[in-house]
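Below is one structure, written out as C-alpha cells; the observations come after it.
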Number of protein chains: 2
Amino acid sequence: MPRPRRPLLTRDRIVETALALIDADGLGALSTRRLAAALGVQGPSLYNHFATKDEILDAVADTVTGAVDTSGFASRDWLAALRDWAWSYRRALTAHPNIVPYLAQGPGRRPAALAMADAVYGGLVRAGWPPARATHIGAALRYFVAGSALGSFARGFVEDPELYAAHYPHLRQAHRLAEHQQSVDEGAFALGLDALLHGLAAEYTRTVETVESARPNG
Amino acid sequence: MPRPRRPLLTRDRIVETALALIDADGLGALSTRRLAAALGVQGPSLYNHFATKDEILDAVADTVTGAVDTSGFASRDWLAALRDWAWSYRRALTAHPNIVPYLAQGPGRRPAALAMADAVYGGLVRAGWPPARATHIGAALRYFVAGSALGSFARGFVEDPELYAAHYPHLRQAHRLAEHQQSVDEGAFALGLDALLHGLAAEYTRTVETVESARPNG
DNA sequence: GAATGAAAACTTACACCGCTAGTTTATGAG
DNA sequence: CTCATAAACTAGCGGTGTAAGTTTTCATTC
C-alpha cells in the first residue's frame with residue numbers, strides 16, 4: 001500500500017489507541033507492531049508521525065496529565081487548592097494506572113506536566129511560601145500521589161492465604177486486601193493526604209505567618 | 001562447555017551482578033545475555049538457577065528491601081518507629097534507584113517485602129491503632145517513600161533554561177533543580193514526612209487515645 | 001565400584017522487539 | 001505541470017526472553 005488518499009493515521013489517533021492498549025493490557029504489552037495492528041497499519045508507519053516509541057509514550061502520558069485540574073490555585077486558598085489538586089491528580093492517574101510508572105519519572109519536556117508544576121509552584125509562592133519551601137511541598141505531594149497510583153498497595157498482595165499464614169503473623173488477613181482494593185487505596189490516600197495537609201498547615205502558621213507579622217508592614 | 005567441575009553460577013552471584021548492572025546502566029539495560037556475559041557465561045545458563053527473568057528481578061528487589069530496618073517497631077514508640085522506618089526505607093531505595101519502579105509495584109511474594117509489611121502493620125496495631133487504620137498508615141507511608149525514590153523529582157526536570165523561560169513563568173529556575181538534586185529531594189522528603197507524621201500524631205490523640213480513655217479500664 | 005539420574009553448562013532456534021533504509025504513490029504548493 | 005513532501009509499504013538488522021535438546025560432571029544408590 002502506497003500513500004493513501006486520506007491519511008490512515010493521525011497523532012491523536014495513535015495516542016488514543018496506545019492509551020487504550022496500555023489500559024487494557026499494560027505498559028509492557030504495548031509494542032509498535034501491536035499498536036500499528038490495532039490501527040490497521042504496519043509497524044513502521046508509526047514513525048511517520050512519531051520519531052520514537054518514547055515520543056508516543058510521552059504524548060500518552062501528557063494527555064493523562066492534561067486531565068489534572070489545577071484551577072484551585074487561582075481561586076482558592078493554598079490549602080484547599082492543594083487538596084483539590086491532589087485528588088484530581090490521583091483521579092487522573094488511577095484512571096490509567098498502567099502508564100503511571102512511565103509518567104512518574106518526571107515531567108521531562110511534557111507540556112501538561114510542566115504547566116501543572118508551574119501552577120502548583122506559582123500558587124504556593126503567591127500564598128506566601130518561600131520558593132524553596134514551595135518546591136519541597138510540590139515535590140512531597142507529587143511523591144505521595146505518584147506513589148499511591150503506582151501499583152495499588154492492596155493489589156500488591158497476592159490472593160493466597162497460605163502464603164501469609166505461615167510466616168507473617170500480622171498479615172493473616174492480607175489476602176483479603178485484593179477484594180477491597182479500591183477502598184483500601186482510597187482510604188489510605190485520604191488519611192495520608194489529610195495528615196500531610198494538616199502538618200503543612202501547622203508549618204505554615206509556624207513559619208510564614210510568623211515571618212509576615214514580624215515585618216513592619218505585615 | 002559441558003557441566004563444569006565447580007559451578008560457575010550461584011543464585012547469589014547472579015543477583016549481585018544483576019543489581020550492579022541495574023545500578024550502573026538502568027533497569028532497561030539488563031538483559032539476560034548481558035547479565036550472563038558479565039558472569040562469564042552464555043545467556044540461557046541463567047535458567048538453570050532461575051525460572052524467568054522476573055524471578056531474578058524479584059530476588060534483586062528483595063535484597064534491596066532486605067536492607068530496610070524495621071527494628072524500631074519493637075523498641076520505640078510508634079511515631080519514632082515510623083520515622084526511623086521511613087528514612088531507612090528511603091535510604092534503601094535511593095541506594096538503588098533504578099530498581100525502584102519494579103519494586104514499587106507491590107510486595108508480591110518477596111519475603112523481605114512481606115516481612116517489612118508484617119513488622120509495620122504489627123507495630124501499629126500493637127500501639128493501639130485500629131487494624132484498618134494501621135493498614136492505611138502503612139500504605140500511606142509506602143506511597144510517600146516509593147514516590148520519593150521513584151525518579152528523583154529534581155532530576156525529572158530537563159536542564160534546559162529556554163524550555164521553561166518561554167511558557168512557564170514560575171519555573172524560570174527549574175533547570176537549576178538538577179544541580180541540587182539530592183538536597184531538593186531530601187528536603188522535600190523531610191518536609192513531607194514531618195508533615196505526615198505531625199498529622200498522624202494529631203489523628204492518634206483524636207481517635208485512639210480518646211477511645212481508650214472512654215473504656216472502663218482505659 | 002558400577003549404574004543412574006539430576007545438575008549445569010552449552011548450542012540452536014523461535015517469535016517478538018524497536019527501528020532504519022529504501023520503495024511507491026498521492027497530495028499540495030509553486 | 002512540476003516536484004518536493006508525506007504517508008503508507010517491504011525487507012531486514014541486531015537485540016530480547018526463553019524453549020529445546022546436548023554433553024559432561026556430580027551425587028546418590030544398588
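The values are calculated or read from the model by the stated rules, or taken from the named source; none is laboratory data. Treat the numbers as computed from the prediction; the structure is a model and nothing was measured. Cβ sites come from the backbone with ideal geometry, for glycine too, and all protein chains shown count toward neighbours.
For (1) within 11 Å of chain B (Cβ to nearest Cβ); (2) surrounded by fewer than 17 Cβ atoms within 10 Å (Cβ to Cβ), each residue gets a yes or a no:
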residue: A:R83; (1), (2): no, no
residue: A:R91; (1), (2): no, yes
residue: A:R133; (1), (2): yes, no
residue: A:A140; (1), (2): yes, no
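From the list A:G128, A:G123, A:G72, the one residue that fits, being in contact with a His (Cβ under 9 Å, 6 or more places away or on another chain) and under 28 Å from A:A202 (Cβ atoms), is A:G123. Taking the criterion of being buried (at least 17 other Cβ atoms within 10 Å of the Cβ), of a type outside the set (S, T, Y) and either under 22 Å from the mean Cα position of the chain (by Cα) or more than 16 Å from B:A140 (Cβ to Cβ) (or both), the residues of segment A:153-183 that qualify are A:F153, A:A154, A:R155, A:G156, A:F157, A:V158, A:L163, A:H170, A:L171, A:A174, A:H175. Across segment B:93-131, the qualifying residues are those that are β-branched (V, I, T) and more than 13 Å from the chain's Cα centre (by Cα), and the one among them that is nearest to the other protein chains (Cβ to nearest Cβ) is B:V125. Counting only helices (runs of 4 or more DSSP H) that fall entirely inside segment A:1-119 and contain at least 1 residues that are within 16 Å of DNA strand D (Cβ to nearest atom) and touching a residue at least 12 places away in the same chain (Cβ under 8 Å), the qualifying elements are A:11-25, A:32-38, A:53-66. Please find, within segment A:186-206, the residue that is nearest to A:R91 (Cα to Cα) out of those that are of a type in the set (D, E, K, R) and within 7 Å of chain B (Cβ to nearest Cβ). Filtering segment A:186-206 for residues that are of a type in the set (D, E, K, R) and within 7 Å of chain B (Cβ to nearest Cβ), the one nearest to A:R91 (Cα to Cα) comes out as A:D194. Considering every residue within segment A:64-83, establish whether at least one is over 30 Å from A:L124 (Cα atoms) and of a type in the set (F, W, Y). No, segment A:64-83 has no match at all. Within segment A:6-28, the presence of a residue that is touching a Phe, Trp or Tyr at 6+ places or on another chain (Cβ under 8 Å), closer than 30 Å to A:A201 by Cβ and at pLDDT 95 or above is excluded. Across segment A:10-53, the qualifying residues are those that are within 11 Å of DNA strand C (Cβ to nearest atom) and basic (K, R), and the one among them that is surrounded by the fewest Cβ atoms within 10 Å (Cβ to Cβ) is A:R33. Anything in segment B:155-178 that is more than 7 Å from chain A (Cβ to nearest Cβ) and either closer than 21 Å to B:N98 by Cβ or modelled with pLDDT of 95 or more (or both)? List them, or say none. Matches in segment B:155-178: B:E159, B:L177, B:A178. Considering segment B:142-165, the residues that are of a type in the set (D, E, K, R) and not in a loop (DSSP other than H, G, I, E, B) include one that is farthest from B:R176 (Cα to Cα), namely B:R142.
The residues of segment B:127-141 that are in contact (Cβ under 8 Å) with a residue 40 or more places away in the chain and part of a helix (DSSP H, G or I), listed by number, are B:R133, B:I137, B:A140, B:L141. In this structure, B:P7 does satisfy being within 16 Å of DNA strand C (Cβ to nearest atom) and not basic (K, R).
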